[in-house]
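Written out below as C-alpha cells is the structure these notes cover.
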Amino acid sequence: MHREQSGPPTPEGRQRRRRDRRGRGARGPAVLPLGAPVPGDGWASQPRPPRPRTRREVFDRIMLDLVSDLDERWADRLGLLEYAVEDTPQLPEDWDSNRVPLSSLVRGTGTTPSRLVVFRRPLEHRASDRADLEAMLLTVVVEQVAELLGIPPSEVDPRYLDD
C-alpha cells in the first residue's frame, strides 16, 4: 500500500503530488560521487578514495615511471626515442615461433625516431603479481635500450638482474 502526500501548490494553484514511501521522506543517493566526503569520524575533511585503477592504467603508470627514469639517465645517448604500449603484437600469418614477442624495437633513421613498443597483454599474462610485472617490464625495456645503445643491460640500469 502506497501513501501519496500533497506537495507545495503549483503556479496553477493545484496541489502537486509526490510519493513518500512509508512516510520516511526523501532518500539520498545510493552511491556518493567521487571526491565526496565519506561519513564517519572526521568525515568532513576526508575525501572518498578514488575508484580502483584499471590494469591498463596500472601498466601505463609502471611504464611511465620506468622510461622517465631511463630517459633522465640516458637522454644524451638515446637521441630521439619514442616509447609506446600496445595491447598485443600483430603477428604475420607466417609466424612460425611458439613464442609471442613482449616488445619491439625499430631503429630510427636521421629524421625518424627509434620506437620501442611494449606489448601489455603478453607481459600481464606471464606476471603473477604487480611486483613480477614490474620486474618483467624493467627487464624487457632495459634489454631493448641496451641493444639500442650497444652496451650491457646491467650498465643501463643497476636493478637489471643478469639471470
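The values are calculated or read from the model by the stated rules, or taken from the named source; none is laboratory data. Given the structure is predicted, the values throughout are model-derived calculations rather than measurements. Here the Cβ positions follow ideal geometry from the backbone for every residue, glycine too, while neighbour counts run over all protein chains shown. Heads up: the accessible areas ignore ligands, DNA and RNA and are worked out on the full protein's heavy atoms, side chains in. Shrake-Rupley method; radii C 1.70, N 1.55, O 1.52, S 1.80 Å.
Points worth noting:
- Residue in the range 95-125 that is nearest to residue 81 (Cα to Cα), counting only those that are charged (D, E, K, R) and touching a residue at least 24 places away in the same chain (Cβ under 8 Å): 115
- The range 102-131, residues that are open to solvent by 50 Å² or more (accessible area, probe 1.4 Å) and either assigned to a helix (DSSP H, G or I) or basic (Lys, Arg) (or both): 107, 115, 121, 125, 126, 130, 131
- All of 72, 82, 57, 93 fail the test of being in contact with a Pro (Cβ under 8 Å, 6 or more places away or on another chain) and either outside any helix (DSSP H, G or I) or not small (Gly, Ala, Ser) (or both), apart from 82.
- Hey, residue 72 open to solvent by 70 Å² or more (accessible area, probe 1.4 Å), among the acidic types (Asp, Glu) and either modelled with pLDDT of 90 or more or under 12 Å from the mean Cα position of the chain (by Cα) (or both) or not: no
- Residue ID - farthest from the chain's Cα centre (by Cα), chosen from residues in the range 143-160 that are surrounded by fewer than 19 Cβ atoms within 10 Å (Cβ to Cβ), within 19 Å of residue 118 (Cα to Cα) and of a type in the set (A, V, I, L, M, F, W, C): 149
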